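The values are calculated or read from the model by the stated rules, or taken from the named source; none is laboratory data. Bear in mind the structure is a predicted one, so any value in this text is a computation, not a measurement. Note that each Cβ is placed from the backbone with ideal geometry, even for glycine, and that neighbours are counted across all protein chains shown. We work out accessible area using only protein heavy atoms, side chains counted, and drop any ligands, DNA or RNA first. Shrake-Rupley method; radii C 1.70, N 1.55, O 1.52, S 1.80 Å.
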Amino acid sequence: MLQLSKFPVKTLKSAPKVSDNRSTSLLLQAWFIRQEMAWVYNYLPLWLKVLRKIENIVRQEMNSLWAQEILMPALWSKEHWETTKRWDSIDVLFHLPASDNKEYALNPTHEDLVTPLMSEFVQSYKDLEFGVYQIQNKFRNEKRAKSGLLRGREFLMKDLYSFHKSEETLLSYYEDVKVAYKKVFDRLGLWSDTYETLASGWDFTTLNSHEYQTILSIGEDEIYICNDCKTAHNKEIVDLVNWFSCSKCNSKNHSVEKACEVGNIFPLMTRFTEAFDMKYTDSDWKTKEVYMWCYGIGISRVMWVIAEYFMDDKGLVWPENIAPATHYIIVMWDNLDKAKDLAKKLESEWKEVIIDDREKVWFGQKASDADLLGIPYRIVISDKTLETGWYELKSRNSEETQIIPL
Ligand SMILES: [Zn+2]
């Protein structure tokens, strides 16, 4: 349990106006984050709790694909980036001069690392197929970042890379990944407003990439959703000269929504395996190319999207499975021991508890802080409630209270 009297961070009286979206202001006011410099944030204890829970949901679903978790370096040498001719072509690549007269990059993506790394283990068809993923900080040297936490220079990503014997097996794994992604966004409460969206692929393939776009009024993307088959298209691939026509069913009936990209899938095909000479010997003794795709989820971005998506006029609202705590116990007067007893009981039922035992803070302030933090359930322990032997449980999403025996 977390006792606020021993907690170092304090809420602010009002939301600071620091960005063009309200959730970032609320996150600052409710002591989830502190800004270090433009577009770079410190994650304080409660934000980190939310982050770890989202990470674990993503981990569980990646593990269900038989993918193995690894961790690659954030720093990588210029020579490797030159192998794929990307040192100069990626405009957001951070270039770092180092003391040994060499140059390094802070990685915005890891294809250039994971391909030579895994090629060491692939000789024959028996060594394929597999997926590896990591949850790692990425860096983009953005000229201007946007919307608070939406597009920063440093952010946390889950990136999965899969390696295949053929295009056919790759496509079947890709269908499995789509199922896993749906589960991830469903468990995060976003699936009903999240669309698998066709977007442009890279120049070496005719295949589309897929983006997972969550509808959000301040989103930076625009998606065209077919009203007949629900296929979504990123604005960048919609032929606006001829107006919209669905790429799947040809319907012209559509709606346009602002959305925020929370995940993506890129068909890499043999772009990187060729560059690093990753090949395998098949059962017919022929040497063949390895096919590869990558699949991303922006962990820190999705966390911000959840904050923005669920907030209301009183503050943040967290889905119970990723909330920093499930219960917020307001203690009035000298009743801390009783509150701790109740917290222990709740913890034995796998609940997580914040006890607001701050001195000289009135009930109204504690109640509005509980709402601001977005904790799903609020309990009040006072002389009055103890006298009756019952306590009141109020849900963050409704005005109704339940009466429960202590
Ligand atoms: Zn359609």
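Tabulated data
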{"read-out": "Reachable lysines from Lys165, criterion Cα separation under 19 angstrom, eight or more residues apart if same chain", "value": "Lys126, Lys279, Lys286, Lys288"}
{"read-out": "Three-way shape call for the stretch 317-361 based on the alpha-carbon gyration tensor, with the a/c threshold at 1.5", "value": "oblate"}
{"read-out": "Accessible surface of the stretch 32-310 [probe 1.4 Å, protein heavy atoms]: carbon and sulfur percent", "value": "49 percent"}
{"read-out": "Accessible area (Å², per residue) of the stretch 32-310, counting only protein heavy atoms and a probe of 1.4 Å", "value": "46 Å²"}
{"read-out": "Residues Asn63 and Ile403, FRET efficiency given R0 of 56 Å [Cβ-Cβ distance, rounded to 0.05]", "value": "0.85"}
{"read-out": "For the chain, built as a Gaussian network whose Cα springs stay under 10 Å, the top-fluctuating residue of Asn101, Asn250, Asn141", "value": "Asn101"}
{"read-out": "Amide H contacts of Tyr391 (H built 1.01 Å from N, under 5 Å, at least 5 apart or other chain)", "value": "Ile404, Leu406"}
{"read-out": "Unsatisfied cross-links (Cα-Cα over 20 Å) in the set Lys53/Lys345; Lys345/Lys366; Lys6/Lys49; Lys183/Lys258; Lys314/Lys351; Lys13/Lys258", "value": "Lys53/Lys345; Lys345/Lys366; Lys183/Lys258; Lys314/Lys351; Lys13/Lys258"}
{"read-out": "Whole-Å distance, taken between Cα centres, linking the stretch 213-281 and the stretch 162-182", "value": "18 Å"}
{"read-out": "Between 0 and 90°, nearest 10: helix 336-348 axis offset from the chain longest Cα axis", "value": "40 degrees"}
{"read-out": "Amide H contacts under 5 Å for Trp39, placed H, 5+ residues apart", "value": "none"}
{"read-out": "Probe 1.4 Å - accessible area at His80, Å² to nearest ten", "value": "60 Å²"}
{"read-out": "Stretch gain in nm, segment Ser217-Asn141, where the contour uses 0.36 nm per residue and the Cα spacing is subtracted", "value": "24.8 nm"}
{"read-out": "Förster-model FRET efficiency, 41 Å R0, Lys182 and Trp333, C-beta, rounded to 0.05", "value": "0.25"}
{"read-out": "Leu96-Gln365 pseudo-label distance in nm [points 7 Å out on the Cα-to-Cβ vector]", "value": "4.3 nm"}
{"read-out": "Within straight-line cross-link reach of Lys252, lysines at Cα separation under 20 Å, skipping those fewer than 8 residues along the same chain", "value": "Lys230, Lys235"}
{"read-out": "In degrees, nearest ten, helix 363-373 long axis to first principal axis of the chain (Cα)", "value": "10 degrees"}
{"read-out": "Evaluated over the chain, the Cα radius of gyration and Dmax, each in Å", "value": "24.6, 82"}
{"read-out": "Where labels lie 7 Å past Cα in the beta-carbon direction, separation of Cys249 and Ala275 in nm", "value": "3.9 nm"}
{"read-out": "Approximate spin-label separation Lys345-Ile237, in nm, with each point projected 7 Å along Cα-to-Cβ", "value": "5.5 nm"}
{"read-out": "Of Trp66, Cys294, Leu156, farthest towards positive along the dipole that unit charges on Lys, Arg, Asp, Glu beta carbons give the stretch 32-310", "value": "Leu156"}
{"read-out": "22 Å Cα-Cα reach of Lys78 towards lysines, excluding residues that sit fewer than 8 places from it in its own chain", "value": "Lys102, Lys138, Lys143"}
